[in-house]
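Asker: One structure, pasted below without further comment.
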Amino acid sequence: MTQVKGRFRYVFFDADDTLWENESHFREAEHRFALLLSAYAPENQIVELLTQKQEENIPVFGYGSKTFLIGMLDAATEICGEDFDADIYASVKEIIRELAHHEFELIDGVEEVLHALSGKYVLAVATKGDLTEQMYKYRASGLEKTFHHIEVMERKNEDDYLRMAAKLDIAPEEILMVGNSVKSDIAPVVNIGGTAIHVPHTVTWIHEIMDIPDSDRVIEVKNIREILKILL
Ligand SMILES: [Mg+2]
């Protein structure tokens with residue numbers, strides 16, 4: 001395993017499902033959507049179509065609950081056919097409204113870990129998605145003072161991380177990223193020469209699932225508290 005202590009000035013943290021709960025709320029909204037349309041199709045079929053619509057819409061509209069709304073409306077139109085009406089539209093919109101305002105929940109250990117690292121590292125949030133939603137969660141987290149700043153990237157691919165490094169005037173090798181998603185937090189960082197710590201979450205979005213890259217610059221831990229052993 002690569003030596004981490006003393007090598008990095010910045011530590012970047014993914015936000016959704018690394019600092020706070022997110023994916024479980026999306027899965028709950030998906031379940032509610034399937035219940036709404038249960039007279040038309042079984043849940044697995046509805047979820048499958050919704051997932052397909054999401055994949056089609058993300059490149060056009062980006063990440064976040066507004067794109068999820070569009071995906072649900074696309075799926076509902078297809079599933080309900082001529083039955084699609086204003087009531088279904090209003091019910092879908094309500095599912096998304098509740099998703100966007102779900103109860104905020106920090107992941108266990110996050111506050112303690114950030115407190116232990118602050119003053120020793122420059123801490124920043126590196127997230128992706130809808131700017132309004134990400135900033136709302138950042139402010140609601142109560143962690144704003146702990147962080148130097150937040151980066152909201154469009155896709156969290158290699159180019160986005162290179163742009164982030166250039167903006168902060170650091171080399172890509174100086175990126176140390178902590179996150180739950182192999183696709184967004186681990187693989188692109190390692191591919192540009194950075195180091196990544198994978199902290200798994202119990203629920204992972206199907207869009208984000210991929211194999212962990214085989215590199216000595218990937219460190220796997222079981223939970224966020226374990227990163228203190230590596231960083232301090
Ligand atoms: Mg995440």
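Asker: Go from 0 up to the bin containing the longest alpha carbon distance in segment 23-100, width 10 Å each, and give me the % of pairs per bin.
Answerer: So the P(r) values, bin by bin, are 20, 60, 20, 0.
Asker: While we're on this one: Sorted by average packing, counted as other Cβ atoms within 10 angstrom per residue and highest first, what order do 102-113, 120-131 take? It would help to have the intermediate numbers written out before the result.
Answerer: On the way: 102-113: 14.6, 120-131: 19.4.
Highest mean packing first, the order is 120-131, 102-113.
Asker: Give the long-range amide H neighbours of residue 22: residues separated by 5 or more places, or on another chain, with amide H under 5 Å away, using H modelled in the peptide plane at 1.01 Å from N.
Answerer: It is 17, by chain and number.
Asker: Using the crude model of +1 on Lys and Arg Cβ and -1 on Asp and Glu Cβ, and no other charge, please compute the dipole size for the chain relative to its Cα centre, in debye to 20. Intermediate values should be presented prior to the final figure.
Answerer: Details: 23 positive and 42 negative charges, 250 e Å.
That gives the chain a dipole magnitude of about 1200 debye.
Asker: Summing +1 for each Lys or Arg and -1 for each Asp or Glu, what net charge is found among the other residues whose Cβ lies under 10 Å from the Cβ of residue 12? Working shown, then result.
Answerer: Details: positive: none; negative: 14, 151, 185.
Spelling it out: positives minus negatives among the neighbours equals -3.
Asker: For segment 23-100, give the magnitude of the charge dipole about the Cα centre (Cβ charges: +1 Lys/Arg, -1 Asp/Glu; no others), in debye to the nearest 20. Display every interim value, and only then the final one.
Answerer: On the way: 6 positive and 15 negative charges, 59 e Å.
Dipole about the Cα centre, nearest 20: 280 debye.
Asker: How do 40, 161, 136 rank when sorted from fewest to most other Cβ atoms within 10 Å of their own Cβ? Let's see the in-between values first.
Answerer: On the way: 40 17, 161 26, 136 14.
Fewest-to-most ranking of 40, 161, 136: 136, 40, 161.
Asker: Go through segment 67-72 residue by residue and turn each phi into a ³J(HN,Hα) via Karplus (6.51, -1.76, 1.60, θ = phi - 60°); whole Hz please, and just put x for glycine and proline.
Answerer: Once rounded to whole Hz, the list reads 5, 5, 4, 4, x, 5.
Asker: From the phi of every residue in segment 119-135, what ³J(HN,Hα) in whole Hz does the Karplus formula 6.51 cos²θ - 1.76 cosθ + 1.60 yield, where θ is phi - 60° and glycine or proline is x?
Answerer: Along segment 119-135, the couplings run x, 9, 9, 8, 9, 9, 9, 10, 10, 9, x, 5, 4, 4, 5, 5, 5 Hz.
Asker: Rounded to two decimals, what is the ratio between the C-alpha radius of gyration of the chain and 2.2 N^0.38 Å? Could you put the intermediate results ahead of the total?
Answerer: Details: Rg = 18.9 Å, N = 232, 2.2 N^0.38 = 17.4 Å.
The chain yields a ratio of 1.09.
Asker: Between residue 139 and residue 89, what FRET efficiency follows from the Cβ-Cβ distance if R0 is 25 Å, with the result rounded to 0.05?
Answerer: Values: r = 30 Å, r/R0 = 1.20.
Using R0 = 25 Å, I get an efficiency of 0.25.
Asker: Explain nothing, just compute: Karplus ³J(HN,Hα) = 6.51 cos²θ - 1.76 cosθ + 1.60, θ = phi - 60°, for every residue of segment 91-108 in order, whole Hz, x for Gly and Pro.
Answerer: Couplings: 5, 5, 4, 5, 4, 6, 4, 5, 4, 5, 10, 5, 5, 7, 9, 6, 6, 3 Hz.
Asker: Just going by the charge dipole of segment 23-100, with Lys and Arg at +1 and Asp and Glu at -1 on Cβ, which of 52, 68, 80 is farthest out on the positive end?
Answerer: Toward the positive end, the furthest listed residue is 68.
Asker: Using the per-residue mean of other Cβ atoms lying within 10 Å as a proxy for protection, in what order, highest first, do the peptides 77-88, 138-149, 172-183 fall? Let's see the in-between values first.
Answerer: On the way: 77-88: 12.7, 138-149: 14.8, 172-183: 22.2.
Answer by packing, highest mean first, reads 172-183, 138-149, 77-88.
Asker: Helix-derived [θ] at 222 nm for the chain: sum -39500 (n - 2.57) over DSSP H runs of at least 4, divide by residue count, nearest 500?
Answerer: Numbers: 9 runs with 102 residues, N = 232.
Helix contribution divided over all residues of the chain: -13500 deg cm²/dmol.
FYI, it's all coordinate maths here, none of it is from the lab. None of the values given here were measured: they were computed from a predicted structure. When we count neighbours, we look across all protein chains shown, and the Cβ atoms used for this are built from the backbone with ideal geometry, even at glycine.
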